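In what follows, a structure is listed as structure tokens, so that the remarks can point back to it.
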Protein chains: 2
Amino acid sequence: MAKPETPKTAITPTRAQDYAEWYQQVVRAADLAENSPVRGCMVIKPWGYAIWENIQRELDTMFKETGHKNAYFPLLIPKSFLEKEAAHVDGFAKECAVVTHHRLVAGPNGGLIPDPKAELEEPLIIRPTSETIIGAAFASWVQSYRDLPLLINQWANVMRWELRTRLFLRTAEFLWQEGHTAHSTEAEAREETMKMLGVYTTFAEEYMATPVIYGPKTAAERFPGAVDTFCIEAMMQDRKALQDGTSHFLGQNFSRASGIEFQTKEETRELAWTTSWGVSTRLIGSLIMTHSDDDGLVLPPRLAPAHVVLLPVFRGDESKPAVMEYINALAKELRQQRFGERRVEVEIDARDLRGGDKQWEWIKKGIPLRVEVGPRDVEANAVMVARRDRGPKEKAAMPRADFVGSIVSILNDMQSGMFQKALAYRNEHTKPIDDKREFDAFFTPKSKVEDKAEIHGGFALSHWCGDPTCEAHVKDSLKVTIRCVPQGGYAGAPWADRVEEQGACVVCGKSSPQRVVFAKSY
Amino acid sequence: MAKPETPKTAITPTRAQDYAEWYQQVVRAADLAENSPVRGCMVIKPWGYAIWENIQRELDTMFKETGHKNAYFPLLIPKSFLEKEAAHVDGFAKECAVVTHHRLVAGPNGGLIPDPKAELEEPLIIRPTSETIIGAAFASWVQSYRDLPLLINQWANVMRWELRTRLFLRTAEFLWQEGHTAHSTEAEAREETMKMLGVYTTFAEEYMATPVIYGPKTAAERFPGAVDTFCIEAMMQDRKALQDGTSHFLGQNFSRASGIEFQTKEETRELAWTTSWGVSTRLIGSLIMTHSDDDGLVLPPRLAPAHVVLLPVFRGDESKPAVMEYINALAKELRQQRFGERRVEVEIDARDLRGGDKQWEWIKKGIPLRVEVGPRDVEANAVMVARRDRGPKEKAAMPRADFVGSIVSILNDMQSGMFQKALAYRNEHTKPIDDKREFDAFFTPKSKVEDKAEIHGGFALSHWCGDPTCEAHVKDSLKVTIRCVPQGGYAGAPWADRVEEQGACVVCGKSSPQRVVFAKSY
């Protein structure tokens, strides 16, 4: 049911009408990914995969600068490995893909069946995460304190059997990186945990243009087997939280389970202290929901697959050669500019389609800049520039040399503008709340009658006494969880100085040392 | 049993003593990879994985320059997809990992068992290759001739259940890239097949420093489901062939099986023409066996994880600060040099170990250059340089500025020297053979008494009538196969002008239009 008063947008429905469906439509319109015939698995299409490649390249550089090396461990994990760490079993050994046979043979009805003679003695699990298999390797690599610290990262696919899936946000198979490190002291392992949380925070803010609040999870929300889990939490435009990354201090739990033992300088034997940390293709879902609008994807220039598309506009066939020559020369000039560690990346779209259709296609794909060049621009040595962070019809004529000379600063301006916009949104919809009735109302969507957006208040900064019962009560009654105990990522926010206030638990009224972030979440 | 006349080498046994065991020892001594507790799967360790990262980066650039885009498709393939292409089933659906359950539960004896209630309706296979799952995606992406060509590449892990495995050469799980393209005409798909074979040839020669002969496979050696398979074949130092890469023209076989159909300009409907092409972590095995020597790994500088290691030599603790300051400044100067698309990559090894031990460790790891700096070098503003392509004791003093100024040309010299050495070896051990008795003798190791190397003649360029019976006879009697019908990669070889001669089949004597490459192979 179209509402007559709604201005026409490229994406239907709008965020306000039906946020969940808007998300799916943005993914589809930008040609990022699609569901596959294999239940719960996605196909990541070239434009979506290119975003992941940019995420990988920048993070990989940051990991290497902090002393980590990449390696690769087996996809399959023996069932017995998962059984070693008790908490880990409960968290991961349940919904997973189990390999039981190593051969197919022709069945009685002509099709293929698993060969009963090729049943594995011990079933193998497709890794849901690799602590156990990497722990087994570390146990043989680490003999002495001289072998520590061991700083390893892996880029890999993992699998968790999910019942309800959504592209990028929750899929059975996804791509990620998992850092795994071992240290000789608790202090060093804790320092590593926080260092990598810092890397993720920097990446979220500087590359994803996404403000994040960081801090430890509560015990209920910890990674199975971890002593402490730290996370970065971002606010989406439906005001729900999305966890962009986690860093775990694993204590000696996994080194005990895997036998990662070393000889100290004093010739005693000790268990190593380990950490693990990861981000996944979920970050692409986070990017979409943080920045996109009712016309489709909006991408931070630092992670965009391309920065600018050049769109030739012909007036009859005779204008083509001059326009294309101008466009090709312009592309060459632009590609000589460096934006961050990359060159400025240019697409030329000379397809024989209507100009308006092409414009809208690139708007929906979220390319930062669209540049039209027609015969008059060639004569005037000019270009017509449109920015994705402005209205879809807004264009400005610029002398060609000015555009070439300023494209890097335009992109930087867009990047910081997107961060500021997301920051203002997050700060506006984050509120210190001390009253339980106000708390309940904050998390209750104002209206479910006219739309399916169900947009509620956002992040509540409220007091919590530390009792899991109070936490569980909020989760059960409102589907609201404690995202983290904030340690940073909110400096300068209007409510920043109220985070560390002492107060009374919003549920039970007992005393509380500081506010925590309550939110609905993905 | 050590032979008194053998000079001491870092690797035991030597290539001449036991080639297969020498290979395993080189992998171990260079710390490239190890077997994992999961049968047939390997752990790729940081030094080995860094070689793969270099291979990936260079190939990825070449793929993108030829218009391909990366994407990602599901790990799991429904059994029914494999059943679609008859030849493909026979080749791939047999020895593979079969997922039958999606949950583990506590079993009667306390351990975990696959949950009988969570059996999948249709078993899923871990991809042995992705033609069928990518074909299904292409079928929905391609509607019109305007959607073609579709030029996609995927970097992924794949799995084939292998009984006898060897690190890098044959493992159940391995890493690879698989290109998949669809075209509107046969001619264009054939051109793509040859273009990517050309990319692989260039990569082998210019990056791997490995000469390769290229051409089509015989029908018996084709990829299951392909119309034509082309390959690049290299000679290892035991004179066996190793296939470094393949490029397949799939005709319309897979588009028929998957339904990749498009509307032509003339508004008729046609099946697309497809190709696929791939290389894998096997290339690392190929690198090792082509270049390494009895002191361990030798790496072509363009793929080496690092180009130079700086080794401080201290005379007492008081010399440390000056030496380390000099080393750090030198590292900075070296890192400012560009070697190909990379910076010169420098390791500093200041570990508190004996200098000789450190030297040998880096020799075994195959780093191209080792540079010692002691107090006297600091005084003389000089360095002591050792090259991996010279004897392990050979060192030359050089003024520091000369070394910094010439490191790139030294590395280029080593790179081309390695290619020339491998080329001379390949050419020397390739021989036109027309007599069946000579052919048999060529493939029979001279002596099995004293050693286990079993080194035979090499590549025989012999005539073949085209009859699969003659091909099978040679395979059954000598374990020798036709590696390819050579089309190039041998210009300038002493026997080059004899390849295209007409002649008589070495087995049956019938007429043959040209010689083919017969060899034992990995």
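Points worth noting:
- Applying the criterion of at least 1 residues that are touching an Asp or Glu at 6+ places or on another chain (Cβ under 6 Å) and under 26 Å from residue A:380 (Cα atoms) to the strands (runs of 3 or more DSSP E) found wholly in region A:253-351 leaves A:308-312.
- Residue that is farthest from the other protein chains (Cβ to nearest Cβ), among those in region B:26-45 that are buried (at least 20 other Cβ atoms within 10 Å of the Cβ) and assigned to a helix (DSSP H, G or I): B:26
- Some residue of region B:72-86 being at the interface with another protein chain (Cβ under 7 Å from one of its Cβ atoms), in contact with a helix residue (DSSP H, G or I) (Cβ under 9 Å, 6 or more places away or on another chain) and within 22 Å of residue B:183 (Cα to Cα): yes
- Residue B:235 fulfils the conditions (1) out of contact with any His (no Cβ under 9 Å at 6 or more places or on another chain); (2) more than 22 Å from residue B:160 (Cα to Cα) except for a single criterion, (1).
- Just so you know, in region B:55-69 the residues that are of a type in the set (A, V, I, L, M, F, W, C) and closer than 14 Å to residue B:340 by Cβ include one that is farthest from the chain's Cα centre (by Cα), and it is B:62.
- Residues in region B:327-377 that are of a type in the set (Gly, Ala, Ser) and within 27 Å of the chain's Cα centre (by Cα): B:340, B:366.
- Cβ-Cβ under 7 Å pairs, at least 6 apart or on other chains, region B:487-499 side hydroxyl-bearing (Ser, Thr, Tyr), far side part of a helix (DSSP H, G or I): B:490/B:496
- Verdict on residue B:188 being under 30 Å from residue B:215 (Cα atoms), in a loop (DSSP other than H, G, I, E, B) and either modelled with pLDDT under 95 or in the same structural domain as residue B:282 (by TED's automatic domain parsing) (or both): no
- Scanning region B:322-344 for residues that are within 21 Å of residue A:65 (Cβ to Cβ) and crowded, with 19+ Cβ neighbours inside 10 Å returns B:327, B:330, B:334, B:339, B:344.
- Only a single item in (1) touching a residue at least 24 places away in the same chain (Cβ under 8 Å); (2) within 13 Å of chain B (Cβ to nearest Cβ) is not met by residue A:182, and it is number (2).
- Set side by side, the residues A:261, A:205 differ, and just one is surrounded by fewer than 24 Cβ atoms within 10 Å (Cβ to Cβ), touching a Lys or Arg at 6+ places or on another chain (Cβ under 6 Å) and not aliphatic (A, V, I, L, M), which is A:261.
- Meets criteria (touching a helix residue (DSSP H, G or I) at 6+ places or on another chain (Cβ under 6 Å) and more than 23 Å from residue A:245 (Cβ to Cβ)) for residue A:31: yes
- The single residue among A:431, A:475 that is outside any loop (DSSP other than H, G, I, E, B) and in contact with a Gly (Cβ under 7 Å, 6 or more places away or on another chain) turns out to be A:431.
- Residue within region A:294-301 that is over 12 Å from the mean Cα position of the chain (by Cα) and farther than 18 Å from residue A:421 by Cα present: no
- Restricting B:67, B:111, B:91 to those that are among the small types (Gly, Ala, Ser) and closer than 22 Å to residue B:169 by Cα reduces the list to B:91.
- Residues located in region B:114-162, provided they are away from chain A (no Cβ under 11 Å) and assigned to a strand (DSSP E or B): B:144
- Pairs where the first residue, in region A:139-151, is closer than 22 Å to residue A:195 by Cα and the second is of a type in the set (Ser, Thr, Tyr) and assigned to a loop (DSSP other than H, G, I, E, B), C-beta under 8 Å, 6+ apart: A:145/A:184; A:145/A:264; A:148/A:184; A:149/A:184; A:151/A:66
- Residue A:94 more than 25 Å from the chain's Cα centre (by Cα), part of a loop (DSSP other than H, G, I, E, B) and closer than 28 Å to residue A:178 by Cα: no
- Taking region B:90-113 as the range and being facing chain A (nearest Cβ under 8 Å), surrounded by fewer than 23 Cβ atoms within 10 Å (Cβ to Cβ) and in contact (Cβ under 8 Å) with a residue 60 or more places away in the chain as the test, only B:95 passes.
- Looking at A:12, A:61, A:6, just one residue is modelled with pLDDT under 95 and either in a helix (DSSP H, G or I) or farther than 30 Å from residue B:63 by Cα (or both), and that residue is A:6.
- Qualifying residue in region B:453-465 (condition: surrounded by fewer than 20 Cβ atoms within 10 Å (Cβ to Cβ) and either modelled with pLDDT of 95 or more or in the same structural domain as residue B:206 (by TED's automatic domain parsing) (or both)): yes
- Residues located in region B:159-195, provided they are of a type in the set (Ser, Thr, Tyr) and over 28 Å from residue B:255 (Cα atoms): B:165, B:171
The values are calculated or read from the model by the stated rules, or taken from the named source; none is laboratory data. Just so it is clear, the structure is predicted and the values come from calculations on it, not from any experiment. We place every Cβ from the backbone using ideal geometry, glycine too, and count neighbours over all the protein chains shown.
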